[in-house]
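> Got a structure here, written out as structure tokens. Questions coming.
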Amino acid sequence: MPRLICHVDMDAFFVSVEELFDPSLKGKAVVVGGKADQRGVVSAASYEARRYGVHSALPLRTAAKLCPHAIFVEGHPERYRECSQKVFTVLNRFTPQVEMASIDEAYLDLTGTDRLHGPPLRTAHALHEAMKRETNLNCSLGLASSRLVAKVCSDQAKPNGVLWVLPGQEAPFLAPLDIRKIPGVGKVTEASLNSMGIHHVGDLARLDENFLRERFGRWGLALAGKAKGQDAGSWFDGEIGALEDPKSISHEHTFSEDVADRTELETVLVKLSEMVAKRLREHKLYSRTIQLKLRYRDFTTITRAHSLDHGTQFDGDLIAAVLDLLQRNWDGATPVRLLGVHAGSLKRNEGQMSLLDEPAAERLRSAFRAIDKIRDRFGVSSISLARSMQTNLREKTHENPYDLPGKAPQEKEESIPPARKPKN
Amino acid sequence: MEFSVSKSDLVRELGLTQGVVEKKTTIPILSNILIETDKDQVWLTATDLELGIRCACPARIKKEGAGTIPARRLLDYVRLLPDADVQVKLQENQWASLVCGRSRTRIAGMSRESFPELPQMPDILARLPLAMLSQMIQRTIFAISAEESRFTLNGALLVLHDKGIIMVATDGHRLSMIEQAVPLEVEDVYKALLPKKAMLEILKLASDNGEAQIDFAGNENHLFFQIEKRLLLGRKLTGNFPDYERVLPKEHSHSVSIGRDDLRSALERVSQFSDERSRAVRLKVAAGELQVHSSISETGESEETIPVEYGGPDLEIGFNAQYLLDFLRVVDQTEVEFHFKDSNSAGELRPKAAPEGVNYRYVVMPMRI
């Protein structure tokens, strides 16, 4: 029996949620992410703003130039999380096999649900309507035999549409599309493929697998599979609903003005460490490698890591490590544009226990359990370390809320090796 | 300055100073060795500002004086000379000439003016057999923390009191303590933090002269160890060493007696299948047996069972195999006792029959795996 995968993508999610709370925004060019003159990037743009070329990940200042009349809003992470929860509740009624890929999209495995819900399109329409009725939000649905094609489908169906690609029709459906439509193909790969005369998925599908392997290594094989509509490579491989631990957890902050003040940098690092530590605890993971990321005005970026002798998920350990890394690696004068805290070498258990600090560690554990409960109930900013109270960083909102089933957030884009030179 | 020495004497004494010579070249003079003439010998002095060492080498002095010569280069060269007398002559321009048989060499030295002055040894606090001190060092040094940021744990605690000496080292995960009963004439309890590097140098000095006595002294900043004509001094570590007595378990619920080599070889084999970084193994005790088990998913697993006398409850405790091996590799006695309570409490290893007057305890915290 062919698989039936449904990809649900909420339409302009952040903007739509903002419109629910402020109907005056409806039909206008709206940009979520921050003020027009701030540094940082667009989190989401309304369809009206997109007409002017505004899209997510675009610098806010560029967005303001492209669409000067747009309404810029900071965004409300707690509202998005609440709505995401509602979206999940609707999806979960159709199948228990739901995987939230991020805060506003999900994969559903609908294989074998026809006796319950009817044929695929009827199921999709029922879901589409239920979503509108219960959340007041529009979404687009893609149905196909693989996750990859389902995702491409929902994109093609936007806005507010449903698209089903019949089994066997995957290749003809993909062939005329631009190669950028394949998840995992970014600017770099696109340029590299274009230089070989490959512009559409069909061009790619016609290529010899060996040729792709030679040019792009193992990733080339995955690319060949993707061009044929298969779930090949990285996380497209997994089963829906199968939880996977993240490889690393990180948070970054770009200053609206470059900062050369040690206290200010340290305050932000403390805050970022708190955010990373909280997520470590949410995922029930312990990190043994703490990394600091520094980006200067000229975009030179350095990362420096410190390995701990035990696993940790506590703010204090992360803070001590990153502040020490800052001390050792920052000259104390060069203005900093971006700071990041990254926790790697993640394990399910803390590993070596402490001989000297065990009673204190136990008290710390229960203190943080209490802190996390307070945050869950009253919001992340309701309680924080005194040292980080001076900052008010916006939360990162794109990832899947931790309490919903789904793959852990992907930390990096799929890393794409540069094309190899063909052997002579 | 002009003198002649036997090649072998010079190589031996220079060899002892090498560990103290500064490896980095931030302060060039510290890469040099200070040579000073004195009656029928020359004094060789090296320091990296943390440690200092002063050794004597018998010599025939022709002209008194002092100067410094690059230590590493001097030893590397002299080592290659034939076993004969070496004539050393220091010129006004700080160049040293070395003549031995048909070999003639000139080495650029530096003026002694900029060589740091070593502090003077204060009154002696205690005189001990060097072998005893070096044995105590060997039984604790491995537990010293390699984490630079935990500077109070980068050495061992040395306690002298009227009935004996105690040495304790810990890295926060395990703690090794050895207590040696020996009558000492100390008025108060004397405590100091001995840096690891000084301990290594003492071991080196002991390997050259096992029978000797060692005179120990300390002032506000430094610790001094005099072995006959050789003086080692080290800057004390500052800070508060953890309250080790609080960490030593007062009592254990369970214990087994086990052959040192049985446990050691089982751990060595099984830990081949443990995570390279954490070295985690599981020790399982059940009626009549102790099992060592380890696995790495998708790589392999290994287990070994050792018969022991045990009638307590079944228990499973995770440990870093390396930590247990560190103890088993230095303990003299062939039977050891393993004491434990549960998977969240510290375990302890001890020699089963320690010699009279020796109390050796090794406490290891488990791993959560």
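> Cα centroid distance between the range B:126-168 and the range B:281-340, in Å?
27
> Then there's this: Using alpha-carbon positions, what is the distance between the centroids of the range A:85-99 and the range A:157-208, in Å?
About 29 Å separates the Cα centre of the range A:85-99 from the one of the range A:157-208.
> With solvent modelled as a 1.4 Å probe, how much accessible area in total do chains A and B shield from it at their shared surface, in Å² to the nearest 100?
1900
> Rule-of-thumb check for chain B: C-alpha Rg over 2.2 N^0.38 Å?
Values: Rg = 24.8 Å, N = 369, 2.2 N^0.38 = 20.8 Å.
Ratio of Rg to 2.2 N^0.38 Å for chain B: 1.19.
> Now, a different point. Please express the shape of the range B:272-343 as an equivalent ellipsoid: the semi-axes are the square roots of 5 times the eigenvalues of the C-alpha gyration tensor, given largest first in whole angstrom.
That gives 21, 17, 11 Å for the three semi-axes.
> Follow-up. In debye, nearest 20, what is the charge dipole magnitude of the range B:126-246 about its Cα centre with +1 on Lys and Arg Cβ and -1 on Asp and Glu Cβ, if you could check?
340
> If the only charges are +1 at each Lys and Arg Cβ and -1 at each Asp and Glu Cβ, what is the size of the charge dipole of the protein assembly as shown around the Cα centre, to the nearest 20 debye?
2440
> Another question about this same structure. Note down, for chain A, the three equivalent ellipsoid semi-axes (square root of 5 times each alpha carbon gyration tensor eigenvalue), biggest first, whole angstrom.
The equivalent ellipsoid of chain A has semi-axes of 37, 26, 24 Å.
> How large, in percent, is the carbon and sulfur part of the accessible surface of chain B at a probe radius of 1.4 Å? Walk me through the numbers before you get to the answer.
Working: 8020 of 17280 Å².
Exposed carbon and sulfur together represent 46 percent of the surface.
> Considering only the other residues whose Cβ falls under 15 Å of the Cβ of B:Glu185, what net charge follows from Lys and Arg at +1 and Asp and Glu at -1?
-3
> How much area per residue is accessible in the range A:178-233 when the probe is 1.4 Å and only protein heavy atoms are counted (Å²)?
Solvent-accessible surface per residue comes out at 47 Å².
> Looking at the range A:344-385, which residues lose a minimum of 30 Å² of accessible area between their chain alone and all protein chains in place, measuring with a 1.4 Å probe and not counting ligands or nucleic acids?
The answer is A:Asn349, A:Gly351, A:Gln352, A:Met353, A:Leu355, A:Leu356 - residues whose exposure falls by at least 30 Å² when every protein chain is included.
> Next question. If one computes the Cα centroid of the range B:1-66 and of the range A:1-56, what distance in Å separates the two points?
The range B:1-66 and the range A:1-56 have Cα centres separated by 76 Å.
> Given only helices, namely DSSP H runs of n ≥ 4 each adding -39500 (n - 2.57), what is the per-residue ellipticity at 222 nm of the protein assembly as shown, to the nearest 500 deg cm²/dmol? Intermediate values should be presented prior to the final figure.
Values: 22 runs with 228 residues, N = 793.
Per the formula, -8500 deg cm²/dmol.
> Oh, and also: Give the residue from A:Val32, B:Leu328, B:His254 lying farthest towards the positive end of the charge dipole for the protein assembly as shown; charges sit on Cβ (+1 for Lys and Arg, -1 for Asp and Glu) and the dipole is referred to the Cα centre.
Checked the options; the winner is A:Val32.
> Considering only DSSP beta bridges whose two residues both sit in the protein assembly as shown, what percent are antiparallel, to the nearest 5? Don't skip to the answer; put the middle values down first.
Details: 158 of 164 bridges.
For the protein assembly as shown, the DSSP antiparallel bridge percentage is about 95.
> What accessible area per residue comes out for the range B:126-246, rounded to a whole number of Å², with a 1.4 Å probe?
43
> Rounded to the nearest 20 debye, what is the charge dipole size of the range B:250-369 about its Cα centre when +1 sits on each Lys and Arg Cβ and -1 on each Asp and Glu Cβ?
On the way: 14 positive and 21 negative charges, 76 e Å.
Charge dipole of the range B:250-369: 360 debye, to the nearest 20.
> Something else now. Past the 29 Å Cα-Cα mark, which pairs from A:Lys247/A:Lys293; B:Lys39/B:Lys191; B:Lys284/B:Lys352?
Long pairs (Cα-Cα over 29 Å): B:Lys39/B:Lys191.
> Where Rh denotes the Kirkwood radius from the mean inverse Cα pair distance, what is Rg over Rh for the range A:178-233?
0.90
> Rank these by accessible area, largest first, 1.4 Å probe: B:Asp162, B:Asp123.
B:Asp123, B:Asp162
The values are calculated or read from the model by the stated rules, or taken from the named source; none is laboratory data. No experiment lies behind these values; they were computed from the predicted model shown. Using ideal geometry, Cβ is built from the backbone for each residue, glycine included, and neighbour counts are taken over all protein chains shown. Just the protein is used for accessible areas: all its heavy atoms, side chains included, with ligands, DNA and RNA removed. Shrake-Rupley method; radii C 1.70, N 1.55, O 1.52, S 1.80 Å.
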